[in-house]
1. For a quick check: with amide H placed at 1.01 Å from N, whose amide H comes under 5 Å from Gly633's, ignoring anything fewer than 5 positions away on the same chain?
2. Which value, in Å³ per residue, describes the convex hull spanned by the Cα atoms of the stretch 456-545?
3. What length, rounded to one decimal in nm, is gained on full extension from Glu482 through to Asp165, with 0.36 nm per residue of separation minus their alpha-carbon distance?
4. Averaging over all projection directions, find the projected area of the Cα convex hull of the chain and quote it in nm² with one decimal place.
5. Order of 382-392, 158-168, 79-89 by packing, highest average Cβ count within 10 Å first?
6. Where the Cα atoms of the stretch 328-455 are projected onto their three principal axes, how long is each span, largest first, in whole Å?
7. Regarding the stretch 72-234, what's the average projected area of the Cα-atom convex hull, expressed in nm²?
8. Taking a threshold of 22 Å on the Cα-Cα distance, which of the pairs Lys193/Lys282; Lys314/Lys517; Lys490/Lys604; Lys620/Lys667; Lys133/Lys361 fall above it?
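The values are calculated or read from the model by the stated rules, or taken from the named source; none is laboratory data. These figures come from a predicted structure and were not determined experimentally. Quick reminder, even Gly has a Cβ in these numbers, built from the backbone with ideal geometry, and neighbours come from all protein chains shown. Just so you know, the surface numbers come from the protein's heavy atoms only, side chains and all, with ligands and any DNA or RNA stripped out. Shrake-Rupley method; radii C 1.70, N 1.55, O 1.52, S 1.80 Å.
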Amino acid sequence: LTTMGEPSMDPTISAADSTAQQDSLFSMTDVFLISLITGLFTYWFFFRKKKEEVPDLPKMQSVAAPVRDSSFIEKMKKTGRNIVVFYGSQTGTAEEFANRLSKDAHRYGLRGMAADPEEYDLSDLSRLSEIDKSLAVFCMATYGEGDPTDNAQDFYDWLQEADADLSGLRFAVFGLGNKTYEHFNAMGKYVDKRLEELGAQRIFELGLGDDDGNLEEDFITWREQFWPAVCEHFGVEATGEESSIRQYELVVHTDVNMNKVYTGEMGRLKSYENQKPPFDAKNPFLAQVTENRKLNEGGERHLMHLELDISNSKIRYESGDHVAVYPANDSSLVNQIGEILGTDLDTVMSLNNLDEESNKKHPFPCPTSYRTALTYYLDITNPPRTNVLYELAQYATDAGEQERLRKMASSAAEGKALYLSWVVEARRNILAILQDMPSLRPPIDHLCELLPRLQARYYSIASSSKVHPNSIHICAVTVEYETKTGRLNKGVATNWLKNKVPEQNGSSSLVPMYVRKSQFRLPFKPSTPVIMIGPGTGIAPFIGFIQERAWLKQQGKEVGETVLYYGCRHEREDYLYREELARFQKEGVLTQLNVAFSRDQAEKVYVQHLLKKNKENVWKLLNEGMAHIYVCGDARNMARDVQNTFYEIVSEFGNMSQPQAVDYVKKLMTKGRYSLDVWS
């Protein structure tokens, strides 16, 4: 590597170079004399002025990036830890579970630490046996279609290529997945299998959490069997009951420079005032909302189309990518929490990690105010997990309420059932719990320590960068529903976006965002036919796809058949992008437009019914045209029903048995000819 300012020197000089040196303007003697005269002149110039002070110049130091302590082994030795819990987390849940497991360790005379695999060199796993009673636990979430989370990508790549001997490593894995997805818990299963292949010893069975069911209960059930297995393996016993141990200490700032206080930034202080690319999860771009219009003509729901201006951001995107948006909580919810806890929300504070060796110094950017933390950094709308209830129980002054909280946090069947009905199914968030338990009044700083981070929301981009290079479009539906307790719960991001009204240079219409790359891509050859299936807001990426195919056609490219299967409830209420689709069809870009109106007749009609109706054409495009299939929208029902329909079509027209048809479709997925962008 060539250091900046130090050109690399070639030790070999060609004959031509030698000749040029001999014929140069000055001889070596001339050069020596000139250097001597220059030196004498310099000496005289600086030292003749005896009365003037010449400042001492500091020694130049080479500027280098800070060296990351990438050895978790050295850190564990230094801090006396013997259990490391790695997490692959996209939305914060796996990180939360890892923190809970690392805190559990002290009950067994062990010391744990949660670790982000992105921050360490995982090849050190082979050295973990150097530490007595050592164990590596992996809480691994699966993202998208069987992919690793962003922070576990390097670890996943290393596992695939590794030829390490991990025979001294003891491990356990808990996977976080969702059964509505095709590749349920793929990452957890792969890590568990691969570590064993590399010689590591599994000390407890793989845990498979299902977010479509009750992920919290799955984790608790696994955890309550995991620790006895650890005890048996290492010959240790629990030292006492689970106790509340604070991870952070509160520091209140009474005299602080407000320029050093975070006001909602995700990473660098003042990053929203002084924006610098590149923009990502830790450095989002503040995009101006230039358009926000209601798409539906009737009905109770609010479906909207937003346009975000990304001019001068250097942000690049492709059709099919996702835009991540950082929302803010409703100020009325924040104010109500402040009122119930009798707190001045504008108090400026920091929560500092009591473990000085931890890489995570604060649970969220500090110093900041309670108002900022509850608005921008903490999740106050989702039902809290059982560990939060357990920690809060000590603050309930009513014995019945305290017992109820402890019971819901326990692993007893009765407690699990109570938590499921009273918290999860009733969709009670932290405010609802405080309202329904009048004696529960925890210190706000402890509550802020316990609540999970507010996560970015992902939306499929509804535009093509070929047509809209300086704008990203979003298609979304506002989430709003009544709970079993009669409360009106509102989706954080969609209701926040709904109120982003475009205005001239107004801060109220700014949206912190970044782009996340996707595998959901148009075929490389524009002439390849595409079959797009996207009911409801699942149409979003296909608006971008069709825009791009129209642009390619304008460039004189041969564009293959472009077929869309779209569905909504009522033709006159929620037919999204009706005018745009009609125009594309008229221009000949959209060669087929098949729309299912599910509730406009006695029997419900969905996109899969239209696929069956056009099955011969579908098979012809698939078999002869080598068409690519794209499915976007609901994973729980629609995506599964559509996939089953393709099994039927392939079986019927390809003269295959059901297992052969399933295998055929799975191979299409492997080859990138059947792509999914789904959510549950």
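1. So Gly633 has HN proximity to Asp677, Val678, Trp679.
2. Hull volume over Cα atoms, normalised by residue count, gives 139 Å³.
3. 108.6 nm
4. 44.8
5. Output ranking for 382-392, 158-168, 79-89: 79-89, 382-392, 158-168.
6. For the stretch 328-455, the Cα spread along each principal axis is 41, 36, 28 Å.
7. One quarter of the hull surface, i.e. the mean projection, equals 8.4 nm².
8. With Cα atoms farther than 22 Å apart: Lys193/Lys282; Lys490/Lys604; Lys133/Lys361.
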